[in-house]
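Here the structure comes first, spelled out in structure tokens, and everything after it is commentary.
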Amino acid sequence: MKKANRQKRRKDKYQLNMKLSILVGVVFVAFLVLAIQLYLITRDSGDQYRRQVLAQQRYDSTIIPYRRGAILDSRGTTLAVSEKVYNVILDTRALLDRRDNLEPTLAALDAHFNLDIEMIRTFISNNPSSQYHVLLRRLTYDEIAGFRALQTDRENNPNIRGIWFEEEYRRYYPNGSLASHIIGFTTSDNQGLYGLERSYNEVLSGTSGREYGFLNNESELERTTIAAIDGNSIVTTIDSNIQAIAEKYLRNFDEEYRDNHREGSGAQNIGVIIMEVNTGNVLAMANYPHFDLNDIRNTDALIGMQMLDADGTRTLPSTAINAENLLTMQTDQINMNLNALWRNFAISDTFEPGSVIKPFTVAAGIESGSITGNEHYRCEGKLDVGDFTIHCNNIYGHGDVSVGRGVEISCNVAMMRVAMNIGRNTYVDFQHIFNFGLRTNIDLEGEARTAALVYNRSNMRITELATCSFGQGFNTTMIQVITAFCSLINGGNYYEPRLVRQIVSPTGATVANIEPRLLKQTISPLTSDIVRAYCVSAVVGEEGTGHSARPYGYIIGGKTGTAEMIPRDKTNYVLSFIGFAPADDPQIAIYVVVDRPNVRQQHSARYATQIVKNILTEVLPYLNIYMTEELTEAQMAALAELQREILSPILKLNDDEEPDDENGDIDDTPALPPHIEVWRDFPIDAATGYAIDPNTGEYVDPVTGATIGGSFQSVGFDVLPPVGGIDDEPP
Amino acid sequence: MSNQTKRKEVNMFDFSLLFIVLFLLCFGLVMIYSVSSYEASMRFGDAAYFLKSQLLATGLGLVLMIVIANIKYPFWEKFATLAFVISHVLVLLVLSPLGIERNNARRWLDIFGTSLQPAEVAKLGIILFMASFICKIGTKNIGTLKGFLTVLIMPLPLCFIVWQITTNLSSAIIIFGIVLLMLFVASPKYKHFIVAGVVGMVVVMIIVFVIINVAASDNLGFRSERVLAWLDPEAYAQGRGFQTLQALYAIGSGGFFGKGLGQSMQKLGFLPEAQNDMIFSIISEELGLFGAIAIILMFMLLVWRFMYVAREADLFGTLLVVGVMGHIVIQVIINIGVVTNLIPNTGITLPFISYGGSSVTFLLIEIGLVLSVAKFGKQIAVEKEQNAV
């Protein structure tokens, strides 16, 4: 029994071992099959698969953004700069890799960022394999610093995962709206769209870097990084202090006259250019309205502008944009109006310059030898030219007018007589010499073409010649007038106007200095001296029209301009003043244009000269140009008050300019020759304060005798239509 | 004196088995680092992320292995039923809040901050339980159809819940496969197995045939699609066949000696999480056919050692070893079968080499049992013989 048992057990054991061997055998066969399959794959498809592996490699590359160059003012103040910003990216896959990651990460996000955590939670559960989801865009380093500190502290916060920061550059304009039209702006991907950002786009742009993988000779994947090359910076000729002063007085003007006569801003356009006379450097170029460069699409800046229709035209009478009609505007129309806002009035808009052209007419006469400067003309208040009768600004006549007095009192008749002496062909030639009709090639985008807006030898007739002599009938841009004017007073040197004087590498080394570019000699120094003297008399002379432009303590030269707009209905005017300072050694030129001020009677250059005076009062001392004239006590008090206001902006005094009017300043009424003072006897209209001509019923300035509402109402000559002008459509 | 010497001989530790296991483990760690460093540094900023976590699990497993290897394995027989019950409970716990969902599958348990795959516990549990159960029934009864069926029915509930609750059909198949192999070795008969094998093959062929023929009609479920992708991976290159095809590219492009350790291109994003199921294809790519076959040889050597250990022991010890061997062998065959597209794609790890904490820890516990059988098996067999006498 025992033996049988043992035998049975042995038999069992034998069977068991047999089965075990069979099992192992089967397993070995299976392994063999696997090995054979491996061999077959390698043998049959090896080459094909090897190619396939190489073919499907994505040489994934990431772009390393470059930093766009900065825009600096002439003193190194930053006007535009690119800042590194960070996009917060959520990598759901990495976040969900460990279950413990979710809550700490969400808690950290909640603590440091303004995020809707529930939305993120929903996103994560819906997209568990997402690897790139932008949570927040364009945060500054300070904004992410807190979270980063938590994230990098792996010891205490091992579970904050799946969040990383993508670097990018954002264009930032530290001074907001300062010099907005000059600086311009970029697209979100850093391509310049307007202003210097566009015209110097290639200088400011760098080259993006790249990080990429490639297969080397041994078919191994290698990674290479090509660093980004940052863009160069530009140093402009703009002085941001002068620019700020100019903009301040434009703003003040707007505040003063906003909604004054009708709804809307203080004037349809106001422009200021301040230029160095001897270099062509633009120190300031300001327009109103302006806009915030950091928020260019903010429609608040549009309020007060004359509305453009959806098709880009302006139906007259135009309406001002206000908060209500802004809401009803479609996107296209808003864009249209924004384009008009961004437009640089000082270089892109053309207008009839008016009497500021008179010094040019005189200069052309003297330079061409057509007049000597000693001529005297008889002003009867009008002149018959061709089939038309053209009136002077004083229709009762200025009497005997010398060339110099013609500039001083802005006599149209004298100028027409000078132009007649010059002759049509020579006059056209001189317009070319002064660059009217040609671009100045200032280094900004968007300068208007004016070739079709001036007369040439074939289409200038005698009436056109006559009106051109006092700045009507042809169109110019502001930059054309001031650039030519600089040559008129600096001895005839015509410099190309410019805004950039230096290009600097990212490390601060100078890449290029841009020197002033003398283009041509417009007139001789001798002629220049004469014209300069005439311009000084226009400001300080007894009968000068530009008294009100003169800042206390300085003598400046200049010329006012009052140009009537088409239609010649004596309602719409472009008022201007062009001047230089100091009178004996001109350093800067200033040109202010007020396009249709928001007043009932626009016909007064005072709207422009006031701005000039205010700006120069601050700018001349800033430029270390010393006062040459003694101040009266009233003037000193006014200046002290201004100083107080500048030094303590909180104590805002709105009436800082009032005292000079009351105290009878230099800009006070000059005594006029008695023999033509017929208007002195006209009755004064109680409502307006103007005298009324009993013969015509027109308003007359009781002091100067100038008819309110234009100087040549009976003229019906052809005028070339303005292009890109004030009433024109936006680009 | 001679008795003492004999005793010492019997209680020798099986160092060759231990060496093979350690070799596979070290090789696996090197490969995990090679395969996962790219993805780990991209996702976690730490190239050794996967390596570190695997090292931890391996260390824990080795300690447990040494401890278990020095405990006489009959000790565990008392816990067989308990292990069986625990296996079921753990799988069911996946449904509780303790369960963790990853990659759209709920297969893990969160135990004191570490994740645990209950299917791995279930494999160990079923080996222990079935070894004990078969011993209780006795080899004679197993030979009968009733015994045969009884043994086969025992693991079915566990297989079913593993399949349904953790949606892990492959683990269910492995559990059933382990039981089948143990039963095969224990049973004195062949007839049942031949019949079962033929029936099984016919069923598989019919299923494949049906899937091919109804492929036109949609809504087949992802398993059917896998079968179709298996038959023609290129046709499903962007879908179900993507992983398989990329694995084949990896193997094929490796050539005979491979591209060199660390030089795989397929791991750079084409075989996502290649450190898990697809590690063998990267081994083939980097070390070539040579390295791949060397690994297969190592597994053969391991099976060979298992056979020796199993032969010397008593029935319980033998069945334990057969169970562990079955577990490893089935996983190796399925894993390599998948990457070489011999069988449809299913997620099974390569023992000792693939990344996976639960898997390596429990495998090492099983190796601990085998080492215990190697150490004490002969002695216990002799004692039982003497007792029987």
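Judged by the mean number of other Cβ atoms found within 10 Å, the most tightly packed of the peptides A:517-527, B:172-182 leads the ranking B:172-182, A:517-527. For chain A, averaging the sequence separation of C-alpha pairs within contact (under 8 Å, six or more residues apart) and dividing by the residue count gives a relative contact order of 13 percent.
For the range A:291-342, the Cβ-based charge dipole about the Cα centre amounts to some 100 debye (Lys, Arg positive; Asp, Glu negative; other atoms uncharged). The Cα trace of the range B:43-82 gives Rg and Dmax of 16.2, 48 Å, the first to one decimal, the second as a whole number.
Sites listed here are chymotrypsin sites (Phe, Trp or Tyr not before Pro) in the range A:24-117 whose DSSP assignment is loop and whose Cβ has at most 11 other Cβ atoms within 10 Å: A:Y59. I'd like the distance separating the alpha-carbon centroids of the range A:554-577 and the range B:230-272, in whole Å. Answer, in whole Å: 82. Taken over the Cα atoms of chain B, the convex hull encloses 153 Å³ per residue. When Rg and the Kirkwood Rh are both derived from Cα coordinates, the Rg/Rh ratio for the range A:280-338 amounts to 1.06.
Amide H contacts of A:Y169: A:V85, each under 5 Å away and 5 or more positions distant or on a separate chain (H built 1.01 Å from N in the peptide plane; Pro and chain starts excluded). Extending 7 Å from Cα along the Cβ direction at B:V208 and again at B:R102 yields two label points whose distance is 3.2 nm.
Helix A:102-112 and the longest principal axis of the Cα set of chain A meet at an angle near 20°.
With a 10 Å cut-off around each Cβ of A:471-481, the average count of Cβ atoms from other chains is 0.
Using Cα pairs under 8 angstrom and six or more residues apart, how large is the relative contact order of chain B, in percent?
In percent, rounded to a whole number, it is 27.
Between A:S402 and A:Y377, the built amide H atoms are under 5 Å apart, and every one of these is 5 or more places off in sequence or on another chain. Under 19 Å of direct C-alpha separation, and excluding same-chain neighbours fewer than eight residues apart, B:K384 reaches these lysines: A:K2, A:K3, A:K8, A:K11, A:K13, B:K6, B:K8, B:K72, B:K78, B:K136, B:K140, B:K375.
In debye, nearest 20, what is the charge dipole magnitude of the protein assembly as shown about its Cα centre with +1 on Lys and Arg Cβ and -1 on Asp and Glu Cβ, if you could check?
Roughly 12180 debye for the protein assembly as shown.
One Cα centroid belongs to the range A:171-210, the other to the range A:387-465; the line between them spans 39 Å. For the segment B:308-319, counting C-beta atoms of other chains within 10 Å of every residue's C-beta and taking the mean gives 2.
Any idea how far the Cα center of the range A:233-280 sits from the one of the range B:34-62, in Å? A separation of 66 Å, based on Cα centres. Each of A:V24, A:I578, A:T527 was placed along the dipole of chain A (beta-carbon charges, centred on the mean Cα), and the one lying farthest toward the positive end is A:V24. When you count the other C-beta atoms within 10 angstrom of each residue and take the mean per peptide, A:363-376, B:340-353, A:265-278 line up highest first as A:265-278, B:340-353, A:363-376. Applying the Karplus relation 6.51 cos²θ - 1.76 cosθ + 1.60 with θ = phi - 60° to the range A:354-363 yields 3J(HN,Hα) values of x, 5, 4, 7, 4, x, 5, 4, 5, 4 Hz, where x marks Gly and Pro.
Relative to the longest principal Cα axis of chain B, at what angle does helix B:357-388 sit, 0 to 90 degrees, rounded to 10? Result, in degrees: 20.
In plain terms, the residue of A:R498, A:R67, A:R10 with the fewest other Cβ atoms within 10 Å comes first and the most crowded comes last, giving A:R10, A:R67, A:R498. On a per residue basis, the convex hull of the C-alpha atoms belonging to the protein assembly as shown measures out at 235 Å³. Across the range A:297-308, coupling constants 3J(HN,Hα) worked out from phi with the 6.51/-1.76/1.60 Karplus curve, θ = phi - 60°, read 9, 5, 6, 4, 5, 6, 4, x, 6, 6, 6, 9 Hz, and Gly and Pro carry x.
Residue by residue, the range A:30-39 carries 3J(HN,Hα) couplings of 4, 4, 4, 4, 4, 5, 5, 4, 4, 5 Hz when phi is fed to the Karplus relation 6.51 cos²θ - 1.76 cosθ + 1.60 (θ = phi - 60°); x denotes Gly or Pro. Only lysines eight or more places from A:K248 in sequence, or on another chain, were considered; those with a Cα closer than 18 Å are A:K613, A:K652. Within the straight-line cut-off of under 25 Å between alpha carbons, the lysines reachable from B:K267 are B:K52, B:K259, sequence neighbours fewer than 8 places apart in one chain being disregarded.
If the chain linking A:R10 and A:V511 were pulled fully straight, counting 0.36 nm for each residue of separation and taking away their Cα-Cα distance, it would gain 170.4 nm. Sorting A:C411, B:C159, B:C26 from the fewest to the most surrounding beta carbons within 10 angstrom yields B:C26, B:C159, A:C411. Distant-in-sequence amide contacts of A:V511, defined by a placed amide H-H separation under 5 Å and a gap of 5 or more residues or a different chain, comprise A:I503, A:V504, A:S505.
Let me make sure I get this right: for the range A:310-390, a, b and c are the square roots of the gyration tensor eigenvalues over alpha carbons, sorted descending. Under 1.5 in a/c it's rounded, otherwise prolate if a/b > b/c, else oblate. Which is it? Here the range A:310-390 falls in the prolate category.
Counting Cβ atoms of other protein chains within 10 Å of each Cβ in A:7-16 and taking the mean gives 4. Nearest 10 degrees is fine. How inclined is helix A:141-152 to the longest principal axis of chain A, computing both from alpha carbons? It is inclined by approximately 10 degrees.
Fewest neighbouring Cβ atoms within 10 Å first, the residues A:E263, B:E285 line up as A:E263, B:E285.
Values in this text are rule-based calculations from the coordinates and carry no lab data. All of these numbers come straight from a predicted model, not from anything done at the bench. Cβ: placed from backbone, ideal geometry, glycine included. Neighbour counts: every protein chain shown.
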